[in-house]
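A.B. asks: Pasting a structure below so you can have a look.
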Number of protein chains: 2
Amino acid sequence: MKIAVLGTGMVGQAHAAKLSELKHDVTVGTNDVDKALARTEPGRMTEAFGVWAKQHPAVKVATFAEAAKDAQLVIEAISADAVIDVLSAIKDQLDGKVLVDITNPLDFSQGTPPRLTVSNDDSMGETVQRTLPQTKVVKAFNTVNARIQVDPKSLGSGDHHLFMAGNDQAAKDETVKIAKAYGWQNILDLGDIKSARGLEMVFPLWAEIYAKLGSAVFNYKIVSQEGI
Amino acid sequence: MKIAVLGTGMVGQAHAAKLSELKHDVTVGTNDVDKALARTEPGRMTEAFGVWAKQHPAVKVATFAEAAKDAQLVIEAISADAVIDVLSAIKDQLDGKVLVDITNPLDFSQGTPPRLTVSNDDSMGETVQRTLPQTKVVKAFNTVNARIQVDPKSLGSGDHHLFMAGNDQAAKDETVKIAKAYGWQNILDLGDIKSARGLEMVFPLWAEIYAKLGSAVFNYKIVSQEGI
């Protein structure tokens, strides 16, 4: 499948590498291709994109608009401060498509752990859906770190949960297919895009557990009587 | 131990019954004793307190102030709209004591699922601690339903997590003792009272999973490489 991965950070790199490994035709979208490919200094938790791109020659790199234009499915992993501007600008290229929104609404301006820019009465997932009314937005993957997102079996044999939310059932089915190809066994559809609130508001607990463990390699398993 | 349980709802009833069963000297605190004991209509998810009190003759019932005055430890399970007023009024009776705050900051005024009255930059746990600067406040138990709070082994052999947060280590150690007596095996201390934010902001996810399962009998197990 032709898949666009919007964003060159840790999450974008993880999905692009995995989807390419799964033989999808992957294009990473970014703001300025030359500038992204010229990056050789790694980020806080990210490989320098210029270095990463050389290690993944099968993955194409294009502008956000070019990447989205021909894609059949879009994975969106843009930082919270930029995502709405970027999506508004390429709105036409996203009409009618499935867009998997992974962005957590994090504001690092007051230090770490970050606060949420939106919570309680709204969410990033809902904001993305409002920005792109003709796009089928699915919130997913945002509750775990990038490595577990694309390789859930690397932790506890994969016996933990992925959550998703979105208004369009076919779009969620498509996202489930991708998630299963990544190795996810336990996938919980929590309803329409409003449920992105719960998926995003669990971030502070994630950050507290991360601080406690000193590791981002963990996830939640829902233990229930029903054994879901 | 002399323990006060503040609140006559589902959570107060569960802790008072269990602590009494564990041979503690338990007094339930309420606003108006006669009025509470006269209640024979069950609540949405709660036994009528008048009926419950008759079924638990070893548990005393007193005003909030009387219950707190002689207590060595206080379990606070008052509804979000009343808790700060009640605690302010009995501040002197709580000085120097351990108070376990279970209240989730839920606002049902706009329907269900409730929104949070405080989140992101503050929490109910921090508000309670600011209200009672001489009290050792521990946020705990609020991430699971009342039955699991006091009987964790009734779900998945108890293989799931309890979280707590608070500024005073001795108070948290005391709370761990109570939790272990209830049957908790996996207890995660997430730091000072500021970490109440994560414990409270996970509520929307809880509500979404509750809606999905049609059951409140579930909890999170943290799956990690460290096996905490």
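A.B. asks: Check whether at least one residue in region A:60-69 is in contact with a Phe, Trp or Tyr (Cβ under 9 Å, 6 or more places away or on another chain) and farther than 29 Å from A:Ser119 by Cα, and report yes or no. Quick ask: steps written out before the conclusion?
C.D. replies: Just the residues of region A:60-69 that are in contact with a Phe, Trp or Tyr (Cβ under 9 Å, 6 or more places away or on another chain), to begin with: A:61.
In the following step, the residues that additionally are farther than 29 Å from A:Ser119 by Cα were identified as A:61.
The answer is yes; a qualifying residue exists.
A.B. asks: Determine if region B:130-147 includes at least one residue that is basic (Lys, Arg), closer than 24 Å to A:Gly214 by Cα, in a helix (DSSP H, G or I) and at pLDDT 95 or above. Full working, then the answer.
C.D. replies: Looking only at region B:130-147, we keep the residues that are basic (Lys, Arg), and these are B:130, B:136, B:139, B:147.
Next cut, closer than 24 Å to A:Gly214 by Cα only: B:139.
Okay, now just the ones that are also in a helix (DSSP H, G or I), so none.
No, that holds for no residue.
A.B. asks: Do we find that A:Tyr220 is surrounded by fewer than 24 Cβ atoms within 10 Å (Cβ to Cβ) and aromatic (Phe, Trp, Tyr) in this structure?
C.D. replies: Values: surrounded by fewer than 24 Cβ atoms within 10 Å (Cβ to Cβ): no; aromatic (Phe, Trp, Tyr): yes.
So A:Tyr220 fails the test.
A.B. asks: Let me ask something else about it. Just to verify a result, which residue in region B:191-214, among those that are surrounded by fewer than 21 Cβ atoms within 10 Å (Cβ to Cβ) and farther than 23 Å from B:Lys136 by Cβ, is nearest to the chain's Cα centre (by Cα)? Steps first, answer last, please.
C.D. replies: Here is the first cut: in region B:191-214, the residues surrounded by fewer than 21 Cβ atoms within 10 Å (Cβ to Cβ) are B:191-192, B:194, B:207, B:210-214.
This time we only want the ones that are farther than 23 Å from B:Lys136 by Cβ, so: B:207, B:210-214.
On the way: B:Ala207: 17, B:Tyr210: 19, B:Ala211: 22, B:Lys212: 24, B:Leu213: 23, B:Gly214: 22 Å.
Result: B:Ala207.
A.B. asks: Condition (residue is more than 7 Å from chain B (Cβ to nearest Cβ), surrounded by fewer than 17 Cβ atoms within 10 Å (Cβ to Cβ) and of a type outside the set (D, E, K, R)) applied to region A:172-182: is it met by at least one residue?
C.D. replies: Within region A:172-182, one or more residues are more than 7 Å from chain B (Cβ to nearest Cβ), surrounded by fewer than 17 Cβ atoms within 10 Å (Cβ to Cβ) and of a type outside the set (D, E, K, R).
A.B. asks: Can you spot a residue in region A:141-160 that is of a type in the set (Val, Ile, Thr) and over 16 Å from A:Ala181 (Cα atoms)? Give the steps one after another, and end with the answer.
C.D. replies: First, pick out the residues of region A:141-160 that are of a type in the set (Val, Ile, Thr): A:143-144, A:148, A:150.
Now restrict to residues that are over 16 Å from A:Ala181 (Cα atoms): A:143-144.
Yes, because at least one residue in region A:141-160 is of a type in the set (Val, Ile, Thr) and over 16 Å from A:Ala181 (Cα atoms).
A.B. asks: Has region A:161-169 got at least one residue that is among the polar types (S, T, N, Q) and either more than 10 Å from chain B (Cβ to nearest Cβ) or touching a Cys at 6+ places or on another chain (Cβ under 7 Å) (or both)?
C.D. replies: Restricting attention to region A:161-169, the residues satisfying the condition of being among the polar types (S, T, N, Q) are A:167, A:169.
Within this subset, residues satisfying the condition of being either more than 10 Å from chain B (Cβ to nearest Cβ) or touching a Cys at 6+ places or on another chain (Cβ under 7 Å) (or both) are A:167, A:169.
Yes, because at least one residue in region A:161-169 is among the polar types (S, T, N, Q) and either more than 10 Å from chain B (Cβ to nearest Cβ) or touching a Cys at 6+ places or on another chain (Cβ under 7 Å) (or both).
A.B. asks: Considering (1) without any contact (Cβ under 8 Å) to a residue 12 or more places away in the chain; (2) part of a helix (DSSP H, G or I); (3) within 12 Å of chain B (Cβ to nearest Cβ), say which one A:Val223 fails and leave the rest.
C.D. replies: (2)
A.B. asks: Could you give every pair whose Cβ atoms fall below 6 Å, whose first residue belongs to region B:190-206 and is on the phi < 0 side of the Ramachandran plot and within 8 Å of chain A (Cβ to nearest Cβ), and whose second residue is in a helix (DSSP H, G or I) and open to solvent by 10 Å² or more (accessible area, probe 1.4 Å), counting only separations of at least 6 or pairs across chains?
C.D. replies: B:Leu190/A:Glu208; B:Leu190/A:Lys212; B:Ser195/A:Glu208; B:Arg197/A:Pro204; B:Gly198/A:Pro204; B:Gly198/A:Glu208; B:Met201/A:Pro204; B:Pro204/A:Arg197
A.B. asks: Give me a count of the residues in region B:109-128 that are open to solvent by 30 Å² or more (accessible area, probe 1.4 Å) and within 16 Å of the chain's Cα centre (by Cα).
C.D. replies: Count: 1.
A.B. asks: Please verify whether A:Thr8 is touching a strand residue (DSSP E or B) at 6+ places or on another chain (Cβ under 6 Å) and more than 28 Å from A:Ala170 (Cβ to Cβ), treating the condition exactly as stated.
C.D. replies: Values: touching a strand residue (DSSP E or B) at 6+ places or on another chain (Cβ under 6 Å): yes; more than 28 Å from A:Ala170 (Cβ to Cβ): yes.
Taking the combined requirement at face value, the residue satisfies it.
A.B. asks: Taking the condition of being assigned to a helix (DSSP H, G or I), within 25 Å of A:Ser215 (Cα to Cα) and not β-branched (Val, Ile, Thr), how many residues in region A:42-65 meet it? Full working, then the answer.
C.D. replies: First, the residues of region A:42-65 that are assigned to a helix (DSSP H, G or I): A:49-55, A:64-65.
Of the ones still in play, those that are also within 25 Å of A:Ser215 (Cα to Cα) are A:49, A:51-52.
Among the residues that remain, those that are also not β-branched (Val, Ile, Thr) are: A:49, A:52.
Of the residues in region A:42-65, 2 are assigned to a helix (DSSP H, G or I), within 25 Å of A:Ser215 (Cα to Cα) and not β-branched (Val, Ile, Thr).
A.B. asks: Out of (1) more than 30 Å from A:Asp92 (Cα to Cα); (2) among the polar types (S, T, N, Q); (3) surrounded by fewer than 16 Cβ atoms within 10 Å (Cβ to Cβ), what's the single condition that is false for A:Gln169?
C.D. replies: Single failed check for A:Gln169: (1).
A.B. asks: Another question about this same structure. Is there any pair linking a residue in region B:119-137 that is within 14 Å of chain A (Cβ to nearest Cβ) to one that is outside any helix (DSSP H, G or I) and aliphatic (A, V, I, L, M), with Cβ under 8 Å and at least six apart or on different chains, and which?
C.D. replies: That search, which allows pairs on different chains as well, returns B:Asn120/A:Leu116; B:Met124/B:Ala80; B:Met124/B:Val118; B:Gly125/B:Val137; B:Gly125/B:Ala165.
Conditions tested, residue by residue: (1) buried (at least 23 other Cβ atoms within 10 Å of the Cβ); (2) in a strand (DSSP E or B).
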position: B:Ala4; (1), (2): yes, yes
position: B:Gly12; (1), (2): yes, no
position: B:Ala17; (1), (2): no, no
position: B:Ser20; (1), (2): no, no
position: B:Thr40; (1), (2): no, no
position: B:Ala67; (1), (2): yes, no
position: B:Ala71; (1), (2): yes, no
position: B:Ile78; (1), (2): yes, no
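A.B. asks: With respect to the numbered conditions (1) free of Cβ contacts under 8 Å to residues at least 40 places away in the same chain; (2) open to solvent by less than 40 Å² (accessible area, probe 1.4 Å); (3) of a type in the set (Ser, Thr, Tyr), which one is the sole condition not fulfilled by A:Thr27?
C.D. replies: For A:Thr27, the exception is condition (1).
A.B. asks: Among the residues of region B:99-108, write down those that are more than 13 Å from chain A (Cβ to nearest Cβ) and more than 13 Å from the chain's Cα centre (by Cα).
C.D. replies: B:Phe108
A.B. asks: While we're here: Is it the case that A:Thr8 is among the β-branched types (Val, Ile, Thr) and assigned to a strand (DSSP E or B)?
C.D. replies: Details: among the β-branched types (Val, Ile, Thr): yes; assigned to a strand (DSSP E or B): no.
Taking the combined requirement at face value, the residue does not satisfy it.
A.B. asks: Considering region B:86-108 alone, what residues qualify as being open to solvent by 20 Å² or more (accessible area, probe 1.4 Å) and closer than 16 Å to B:Ser123 by Cα?
C.D. replies: B:Asn104, B:Leu106, B:Asp107
The values are calculated or read from the model by the stated rules, or taken from the named source; none is laboratory data. The shown structure was predicted, so the numbers you read here are calculated from the model rather than taken from an experiment. Virtual Cβ from ideal backbone geometry, glycine too; neighbours counted across all protein chains shown. Heavy atoms of the whole protein, side chains included, go into the accessibility calculation; ligands, DNA and RNA do not. Shrake-Rupley method; radii C 1.70, N 1.55, O 1.52, S 1.80 Å.
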